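Enquirer: Got a structure for you, written out below as structure tokens; questions coming shortly.
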Amino acid sequence: MSSENITSVTRENRKFNPPDEFQAQAHIGSLAKYRRLYRQSVNNPEEFWAKQAEELLLWRKKWRKVLQWKAPHAKWFVGGRLNVAENCLDRHLGTARENKAAIIFEGEGGDERTLTYKQLYHEVCRLANVLEGFGLGKGDRVAIYMPMVPEAAIAMLACARIGAVHTVIFGGFSSEAIKDRVNDCEARLVITADGGWRRGKVVPLKENVDRALEGTPSVEKVLVLRRTGSRVRMKKDRDIWWHDVVPAAAHVHRAKAFDAENPLFILYTSGSTGKPKGVLHTSGGYLLGTTITSKYVFDLKETDTYWCTADVGWITGHSYVVYGILSNGATTLMYEGAPNHPGPDRFWSIIDRHRVTVFYTAPTAIRAFMRWGDEHPKRHDLSSLRLLGTVGEPINPEAWMWYYKVIGGGRCPIVDTWWQTETGAIMITPLPGAIPQKPGSATLPFFGVVPKVVDETGREVPRNTGGKLVITQPWPSMLRTLWGDDDRFKRQYWSDYPGIYFTGDGCRQDEDGYFWIVGRIDDVLNISGHRIGTAEVESALVSHPSVVEAAAIGRPDEIKGQSLVVFVTLKDGVKASEKLKETLRKHVAREIGAIARPDVIRFAAALPKTRSGKIMRRLLKEIAAGGEVKGDTTTLEDFSVLASLQKAD
Ligand code: WTA
């Protein structure tokens, strides 16, 4: 898509300065201080990052060189050695944090558990010993498919501790998705649970794993946590109960130091082809990026009770439930279940009861809360909150204002944080005590981040003009490659503008230099804050015997941001019916997961294509939105397709 098509319609002029009291206590309490540090960070990045790495992390061996940059490959803290789990745990022992809550957990059914830093350390040590007992170590891949329980974080940290590489698979993904991911990274171990609680029902995690492992030759063992008590099949010689081995293991473990560039995790995310991309993050740079952003964006203090509602299966859960927060020695709250179970006030009840101070969630959730009604938050005392955050998609100003007034009581700054799985850490964001906020804008770049809005040729566009968002300098928490596919890494992110990272997002900078993200401009949809590749949905559909061809597109949706509409052409002789629609919906959910279940299926005799055979999604979008096709149709191969599509059911 060319940048002329990136139009940004939002024109929002309201501005909210950080409240005086917030500013007075903030780590970065003025715009001038932000600007001074920002200038240092981009003028002398190596000096800046070296200083931060010394201050914020514990190194076993100092690096020789801060950055080795041979675009598009970066190495940060070359020669440096550290242990990520030691940074998140051991270094808080013997300090006042030792007996402080590291994780406060609330299950969907209301069960609660708190793990202090010392307790969490011992649990991670036990599991690390078990994993080493399985013969796992540096570089081995471990898949984690767990509910949102402390053991998910324990599993991640135990992998990090022994130098193994975890890949967390979101618990909403299907067997097919597990199989693809496990095979792509050749995981030797899967850590899962008998199930997890969601809206009062058990999500059958172990069953999904069992089905997936019918086609995964690399997997040797499955470690199973008992969470729900539901009956599961344990395969002899392969499956082991967590409670049979972990509690019995030694509660101390000597952490080895690993290279700063040792892979920490692979996280699969949607791209513009059917195959998910395995984004690879390494140790030192990733931990520094998540630690420094956690500290300054969330303005973390010893007294905070911080709650990020993301699942650990997403990057937000990695960076801002686990690594960045624990590395700062803060208290992270984990909640297992749905936001509306047993009632639509569950989140507010959690904030009230645990006296949460910093709350980080997604715009799609905020829009749902708005719809459920103000009476639910109003029933609870939310006065403990001092800072709010959002992530995952652009937040519409109306939702921002509601969040600000109804949840924040007009007293809490809102950090609208723009970043990606690939960036590892927050990139564009207000610093809450320094940068005035405009509803709907992620505002200004974080330290060390140099974003630009450019046209097709890579030239910066004038202010208030739409263009593509790129990042022009390397940053410590950047992805290093795509697992097993460095060519795709180069093509995907670095080929539009050589040496410059292309984000896939459209953007505009306003007269104050504030960034306004418009959304994806590639074939990736953002549904309820989740990235879903149109190609993935399409290939799932055409794998069904009734389907010849499919096109998936996003339609604006009040709550979900976008809803998923698919156009499907059927094989000759297959009859279109409501029943078939339901079958296809279920088929997609089985192939990918419930998050990709189409909202609307429309059968069509043919899809609109260009002469070279490319599906013209733009036309389909206009049709799905219920409007007339207004744009240019001169490249359309067969005009009769349009007329019949508008009638398609
Ligand atoms: C979108 C989530 C506008 C964007 C951390 C990006 C946002 C994609 C924002 C990454 C925001 C994320 N404002 N858009 N504050 N945050 N996005 O990899 O399109 O799941 O490219 O990472 O979400 O999604 P991902």
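The values are calculated or read from the model by the stated rules, or taken from the named source; none is laboratory data. Every value quoted in this text rests on a predicted model; they were computed, and no experiment measured them. Counting neighbours? That spans all protein chains shown, and the Cβs are built from the backbone with ideal geometry, glycine included.
Enquirer: Report every pair of residues separated by at least 6 positions or lying on different chains whose Cβ atoms are under 9 Å apart, first residue within the stretch 390-407 and within 20 Å of residue 297 (Cβ to Cβ) and at pLDDT below 95, second of a type in the set (D, E, K, R) and more than 13 Å from the ligand (Cβ to nearest atom).
Expert: Pairs found: 395/367; 399/367.
Enquirer: Can you list the strands (runs of 3 or more DSSP E) lying wholly within the stretch 505-579 that have 2 or more residues being more than 15 Å from the ligand (Cβ to nearest atom)?
Expert: Correct list: 547-557, 561-570.
Enquirer: Additional query: Could we say that residue 79 is over 21 Å from residue 224 (Cα atoms) and in the same structural domain as residue 328 (by TED's automatic domain parsing) here?
Expert: Yes, satisfied.
Enquirer: So residue 445 passes all but one of these: (1) surrounded by 24 or more Cβ atoms within 10 Å (Cβ to Cβ); (2) away from the ligand (no atom under 12 Å from the Cβ). Which condition number does it fail?
Expert: (1)
Enquirer: Look at residue 198 and say whether it is charged (D, E, K, R), touching a Pro at 6+ places or on another chain (Cβ under 7 Å), in the same structural domain as residue 86 (by TED's automatic domain parsing) and in contact (Cβ under 8 Å) with a residue 40 or more places away in the chain. Don't jump to the end; show me each part of the working.
Expert: Details: charged (D, E, K, R): yes; touching a Pro at 6+ places or on another chain (Cβ under 7 Å): no; in the same structural domain as residue 86 (by TED's automatic domain parsing): yes; in contact (Cβ under 8 Å) with a residue 40 or more places away in the chain: yes.
It is false that residue 198 is charged (D, E, K, R), touching a Pro at 6+ places or on another chain (Cβ under 7 Å), in the same structural domain as residue 86 (by TED's automatic domain parsing) and in contact (Cβ under 8 Å) with a residue 40 or more places away in the chain.
Enquirer: Please enumerate the residues belonging to the stretch 181-203 that are out of contact with any helix residue (DSSP H, G or I) (no Cβ under 9 Å at 6 or more places or on another chain) and not basic (Lys, Arg).
Expert: Passing the criteria: 184, 185, 186, 197, 200, 202, 203.
Enquirer: Continuing with this model, one more query. Just one of the numbered conditions (1) under 30 Å from residue 479 (Cβ atoms); (2) hydrophobic (A, V, I, L, M, F, W, C); (3) over 22 Å from the mean Cα position of the chain (by Cα) is not true of residue 399; which one?
Expert: (3)
Enquirer: Sort out which residues of the stretch 428-442 are touching a strand residue (DSSP E or B) at 6+ places or on another chain (Cβ under 9 Å) and more than 9 Å from the ligand (Cβ to nearest atom), and write them in order of number.
Expert: Quick first cut of the stretch 428-442, residues touching a strand residue (DSSP E or B) at 6+ places or on another chain (Cβ under 9 Å) only: 428-432, 435-442.
430, 431, 432, 435, 436, 437, 438, 439, listed by residue number.
Enquirer: When only residues in the stretch 426-444 that are out of contact with any Pro (no Cβ under 8 Å at 6 or more places or on another chain) and of a type in the set (A, V, I, L, M, F, W, C) count, which is farthest from residue 513 (Cα to Cα)?
Expert: 426
Enquirer: Does the stretch 182-198 hold any residues that are part of a strand (DSSP E or B) and surrounded by fewer than 21 Cβ atoms within 10 Å (Cβ to Cβ), and which are they?
Expert: Across the stretch 182-198, the qualifying residue is only 198.
Enquirer: Moving on to the next point. Counting only residues that are surrounded by fewer than 18 Cβ atoms within 10 Å (Cβ to Cβ) and part of a loop (DSSP other than H, G, I, E, B), which one in the stretch 475-496 is nearest to the ligand (Cβ to nearest atom)?
Expert: 496
Enquirer: Sort through 545, 608 and tell me the only one that's surrounded by fewer than 21 Cβ atoms within 10 Å (Cβ to Cβ) and over 31 Å from the mean Cα position of the chain (by Cα).
Expert: Only one candidate qualifies: 545.
Enquirer: Being in contact with a strand residue (DSSP E or B) (Cβ under 7 Å, 6 or more places away or on another chain), buried (at least 22 other Cβ atoms within 10 Å of the Cβ) and farther than 25 Å from residue 151 by Cβ is the filter here; which residues of the stretch 272-320 pass it?
Expert: 277, 284, 285, 297, 299
Enquirer: Filter the stretch 304-335 down to the residues that are more than 16 Å from residue 432 (Cβ to Cβ) and either polar (S, T, N, Q) or not assigned by TED's automatic domain parsing to the domain that holds residue 361 (or both) and list them by number.
Expert: Result: 305, 309, 316, 319, 327, 331, 332.
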